[in-house]
Amino acid sequence: MKNISKVIETLRKTVPEHPYKSRDPFKVLIATVISQRTKDEITYQVAEKLFQKYRDAATLKDATVEEIASLIYPAGFYRAKAEKIKEIAKIIHEKYSGNVPDTLEELLKLPGVGRKTANIVLSRCYGKDAIAVDTHVHRISNRLGWVHTKTPEETEKELMKILPQEYWRDINELLVMFGRMICKPQRPKCDICPIKNYCKYYKEKVGVAGQRDW
Ligand code: SF4
């Protein structure tokens, strides 16, 4: 799997840094819950609005669901997310003394927290080797031919077998940015892609037919 290292090193040199810089576990956790089925620009904007008023679990647990919902609107499913966010804040305050847990097992017990969200917190905030697989990581890993999977959960398992551990923490932010700019869900920009020579999708769909206008 020499190609995986080449792909990642190439992307590290060409893809800009992820714009959400916070490494605060509580903020990253809540922002990731808000981000589900919501555009990134909206997520960052409403998350900041929420954190300006409520910066931690101790303060957020006392906010009403209506107020949280109004602060995170227009994020998708804002009302349901507001309920989960309040519940998460309450549990973290009462059960974990205000500290977001740092194990997958404990994170998965929180309402609205799945493997992707938990792994983002573990890798980004606690420096743990975890692969956070969202739609970008799932789609691009399959296009490149690294995995042949149907779900993000399967992709995570397969990537754990083939991806050198030194890349686990970075892979999410790297492929998220690459997926937004180049390897988009529809009409990927294969003609300007810096890793097309390592891509199965490119070889099969573009390479045979020659350059096409995607
Ligand atoms: Fe994505 Fe196209 Fe690049 Fe392959 S060649 S990684 S499909 S943009």
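Data overview
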{"quantity": "Candidate set from region 180-198 (those that are within 6 Å of the ligand (Cβ to nearest atom) and part of a helix (DSSP H, G or I)); member that is surrounded by the most Cβ atoms within 10 Å (Cβ to Cβ)", "calculated": "Cys190"}
{"quantity": "Checking Gly207 against (1) away from the ligand (no atom under 14 Å from the Cβ); (2) surrounded by 14 or more Cβ atoms within 10 Å (Cβ to Cβ), the condition it does not meet", "calculated": "(1)"}
{"quantity": "Breaking point among (1) closer than 22 Å to Ile4 by Cβ; (2) outside any loop (DSSP other than H, G, I, E, B); (3) away from the ligand (no atom under 16 Å from the Cβ), for Ser141", "calculated": "(3)"}
{"quantity": "Qualifying position, being at negative phi, within 16 Å of the ligand (Cβ to nearest atom) and touching a residue at least 60 places away in the same chain (Cβ under 8 Å), among Leu159, Leu174", "calculated": "Leu174"}
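Throughout, read-outs are computed from the coordinates displayed, never taken from laboratory work. These numbers come from a predicted model, not from an experiment. Virtual Cβ from ideal backbone geometry, glycine too; neighbours counted across all protein chains shown.
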